[in-house]
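Engineer: Next up is a structure, given as structure tokens.
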Amino acid sequence: MSQSRKILLGAGGAYLLLVVLAFILFGSAGRQDFVPQEEFELPTWIELGPLDINKAVLYLLISGILTCVTMVYIAKRMEAKPNRIQTAVEVLYGVMRDNITRGNMNDKMAAKWFPFIGALFLFIWFNNLIGFIPLPTGHHHFTVLGLEIPTFGIYAATANVSVPLVLSLLVFFSYTFEGIRAKGVGGYLKSLIPAGVTGAMAGFIFVLELLSNIMRIVSLSVRLFANMLAGHLIILFMAGGLAILLGIAGIGVFLLPIGIALYLFEVGLVATLQAFIFATLSAIYIGGAVAESH
Amino acid sequence: MNLLFAAEEAEEGGSGLVSPVIGVMLWTLIVFGITLIVLWKVAFPRIAEALDKRQRMIEESIDTAEKTKREADELLREYRERLSDARGQADDIVARARRTADAHEQESQAEARTKREEMMDQTRRDIEAETRRAIQQIRSEVADLTVLATEKVTRKSLDSSDQKRLVDEALAELDFAALANEERR
């Protein structure tokens, strides 16, 4: 048996033992009063009329500022001979410009719409990633040295339907605007009907296409929001939420490694992938609106 | 159970999870708008400029490298041509020298042969002349001896006409040519 296998087996055994011990010692610690969606509630912190500050706004501001500061900082330090970080940024820039934008529309449109698509990608990406850093924004409080500190929690502005909805609406208006500008109102509406469809069928298809255009807003926003929310919820459950809900402490020890694995999965893949999907779909919609055949 | 109940409550209560909140939407518009403007006007142009500059630089260096390579190739070709020319010329020179030397050798050999033959001829002629002279001398000495011998035998001197006749008779019978031939051998 190799050394690493021994260590692995030892760790596995210790983990199992810990689970059993937790079951025996705290087996029926009893349910606590815990409501998971409280983590996603948005109580008003500062009253500013329609511009109330709450947790989502805080996350929005943090990620907005970080997006700007990071990108401007990098842009100001661009050098002829790139270091590793600059190379990574250049690769990211290349992906945004060439793959996401130019890959889905003609060059003239790409030059015009790249800032929007790039900003969408970076803004969503930063929002998603910031969402996985625990910040003291929790619903409950704990006391350290007399200071009442909110519990640390993970939250993302994109895990709230309002944020993706606004971005989706922006995309919807952008591509509708571009489509109408390229083809005129009548031309654009006519272009919604696929080529070759005529007669009574055309009317039916037109209604369907109109609906599907509006559904794009829903699908675009819900895809992002639901993915982020589900990620946060499952991490929350694995990291102790389920143990409290069910009142079985042992299960918490058992689920924690799964929680860590899911956390890494969310940060490493889902956060980036969702930003990429949102930006790519936006580019496809904008490119498709001006394309000759729909 | 608790969870299900809570979820229902959340949907009704509008915790901002599923139902949009106007405040957050406005904030999103503002924050995204500012981010868009900052990226559009400040960050992206600089990055694009740096990338374009680098691309131009790379293209220029590739062009320069290609030009240099072409020049080097041209030079190499020229040098090779010159080298092969020089080699050809050298071969020519060597061949010419060899031909000249050969011609010289043959000429001098022929000359030497001619000279030798001339000398041999001369020698041969000298020997013949010498031989003729010797034979002549022997003949006259033999004549004198014959006269003397005849005088001694006849006890009288022969007059000149007699002498002459006798000698000529005697000598006519002797073949001195054989003697000459023997000497030459």
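Engineer: Using only helices, what value at 222 nm comes out for the protein assembly as shown when you add -39,500 (n - 2.57) per DSSP H run of length 4 or more and divide by the total residues, to the nearest 500 deg cm²/dmol?
Structural biologist: -26000 deg cm²/dmol
Engineer: How long are the semi-axes of the equivalent ellipsoid of the stretch A:38-96, defined as square roots of 5 times the Cα gyration tensor eigenvalues? Whole Å, largest first.
Structural biologist: Here the semi-axes work out to 36, 12, 8 Å.
Engineer: What are the lysines whose alpha-carbon lies under 28 Å from the alpha-carbon of residue B:41, with same-chain residues fewer than 8 places away excluded?
Structural biologist: Once the sequence-local lysines are set aside, what remains near residue B:41 is A:76, A:81, A:108, A:112, B:53.
Engineer: Return the ratio Rg/(2.2 N^0.38 Å) for the stretch A:44-290, where Rg is computed over Cα atoms only. Walk me through the numbers before you get to the answer.
Structural biologist: On the way: Rg = 21.8 Å, N = 247, 2.2 N^0.38 = 17.9 Å.
Against the empirical 2.2 N^0.38 Å value, I get 1.22 for the stretch A:44-290.
Engineer: With Cβ to Cβ distances under 13 Å as the rule, what net charge do the other residues near residue B:144 carry (K, R +1; D, E -1)?
Structural biologist: Summing Lys and Arg as +1 and Asp and Glu as -1 gives +1.
Engineer: When every alpha-carbon pair in the protein assembly as shown is counted, what percent end up more than 36 Å apart?
Structural biologist: More than 36 Å apart: 61 percent of the Cα pairs in the protein assembly as shown.
Engineer: Over chain A, what relative contact order in percent results from Cα pairs under 8 Å that are six or more residues apart?
Structural biologist: 29 percent
Engineer: Give me the inter-chain shielding for A:40-53: mean count of other chain Cβ atoms within 10 Å, whole number please.
Structural biologist: Mean shielding count: 3.
Engineer: Same structure, new question: Choose one answer from A:270, A:253, A:222: the residue with the largest mean-square fluctuation in a GNM of chain A with alpha-carbon springs under 10 Å.
Structural biologist: Sorting by GNM fluctuation, first place goes to A:253.
Engineer: For the stretch B:5-150, what Kirkwood radius comes out of the mean inverse Cα-Cα distance, in Å?
Structural biologist: Evaluated on the stretch B:5-150, it is 29.2 Å.
Engineer: Next up: Counting Lys +1, Arg +1, Asp -1, Glu -1, what net charge surrounds residue A:292 among other residues with beta carbon under 13 Å of its beta carbon?
Structural biologist: +2
Engineer: Under a straight-distance cross-link criterion of Cα-Cα below 16 Å, which aspartates and glutamates are reachable from residue B:152, leaving out those fewer than 8 residues away in the same chain?
Structural biologist: B:144, B:162
Engineer: Please give the helix A:107-130 orientation as an angle from the longest Cα principal axis of chain A, in degrees from 0 to 90, rounded to the nearest 10.
Structural biologist: So the inclination is approximately 10 degrees.
Engineer: Using the alpha-carbon centroid of each, what span in Å lies between the stretch A:145-209 and the stretch A:34-104?
Structural biologist: 21 Å
Engineer: Using Cβ counts within 10 Å as a stand-in for footprinting exposure, how do A:254, A:126 rank, fewest first?
Structural biologist: Fewest to most other Cβ atoms nearby, the residues stand as A:254, A:126.
Engineer: Taking θ = phi - 60°, what integer Hz values does the Karplus form 6.51 cos²θ - 1.76 cosθ + 1.60 yield along the stretch B:72-78, in sequence order, with x for Gly and Pro?
Structural biologist: Karplus values, whole Hz, x for Gly and Pro: 4, 4, 4, 4, 4, 4, 4.
Engineer: Let me ask another. If I take the Cα coordinates of the stretch A:201-273 and project them onto the principal axes, what are the three extents in Å, biggest first?
Structural biologist: Reported extents, whole Å, longest axis first: 61, 27, 15.
Engineer: Below 13 Å, Cα to Cα, which aspartates and glutamates can residue A:55 reach? Residues fewer than 8 away in the same chain don't count.
Structural biologist: A:38, A:39, A:41, A:47
No value in this document is a laboratory result; all are computed from the given coordinates. Treat the numbers as computed from the prediction; the structure is a model and nothing was measured. With ideal geometry, Cβ positions are generated from the backbone for all residues, glycine too; neighbour counts draw on all protein chains shown.
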